[in-house]
Amino acid sequence: MVARKPSVLFAYALGKAQRILAGIDTSIGPLFAHGAVRNMNQCYRESGVPVPDAASPDSVPARGYDWSRALIVAPDSAHGTPWMRRFGTLSTGLASGWMRIRGTRRRRAIDRGFVLSDHADWKGLLEAIRLTQAERVWVTHGYRSPLVRWLTEHGLEAQAIDTRWEDDELDSGESS
């Protein structure tokens, strides 16, 4: 007998969640997303990037809904919050490059860890920037200062930007 319970998969709301949603087989059961993920999904769609539809958990009745087959994609900041109580007994997972580090799953109190990194090496990152033909680049995380300096020295307008998504990072340092 298979125990049926909802699964909450934590991932950064910007980028990683959309990458996960794009790879989900939507026939496996209902798909939901936290508001932060849904907001980013809308931004992607408005920019012409297709993202599968994921309903808001608020779109179903507060009591009596059968979450047992649901997959809910949420930012890590939702872990352990009252927002999670609606799903009852559940299984949790975290998709992050941090899952490569031994003990991360246990320290984060996550049932399953999935190694999924969005990081690019220096050469790949510079090539991606070049291909966009951007004249101005805002650097939001990682080694911001060295990248901003390099881009500026090579004729682009660049600046480091603090974002509200930094709280979703597992590490508050510059090396995300």
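Here the Karplus relation 6.51 cos²θ - 1.76 cosθ + 1.60, evaluated at θ = phi - 60°, turns the backbone of the stretch 60-77 into coupling constants of 10, x, 4, 10, x, 6, 8, 7, 4, 9, 7, 10, 10, 9, 9, x, 4, 5 Hz, with x for every Gly and Pro. State the Cα centre-to-centre distance between the stretch 92-146 and the stretch 29-46 in whole Å. Spelled out, the Cα-based centre of one part sits 20 Å from the other. Magnitude of the charge dipole for the stretch 1-96, about its Cα centre and with charges confined to Cβ atoms of Lys, Arg (+1) and Asp, Glu (-1), is about 220 debye. By other beta-carbon atoms within 10 Å, ranking His34, His119 with the fewest at the front produces His119, His34.
For semi-axes √(5λ) of the Cα gyration tensor in Å, computed directly from the structure shown, the correct entry in (1) 27, 22, 12; (2) 23, 18, 17; (3) 33, 18, 14 is (3). For the chain, the relative contact order comes to 23 percent (Cα pairs under 8 Å, sequence separation of at least 6). Shown here for the stretch 115-157: GluC sites (Glu not before Pro) in loop regions (DSSP other than H, G, I, E, B) with at most 11 other Cβ atoms within 10 Å, namely Glu135. Taking amide H positions as modeled 1.01 Å from N, with prolines and chain starts lacking one, the residues under 5 Å from Val139 and 5 or more places away or on another chain are Gln159, Ala160, Ile161. Note on Thr81 and Ala109: the model spin-label points, each 7 Å out from Cα along the C-beta direction, lie 1.6 nm apart.
We did not get these values from a lab; they are worked out from the coordinates using the rules stated. Only a predicted model underlies this, so the values are computations on that prediction, with no experimental measurement involved. Methodologically, a virtual Cβ is constructed for each residue, glycine included, from the backbone with ideal geometry; neighbour enumeration extends over all protein chains shown.
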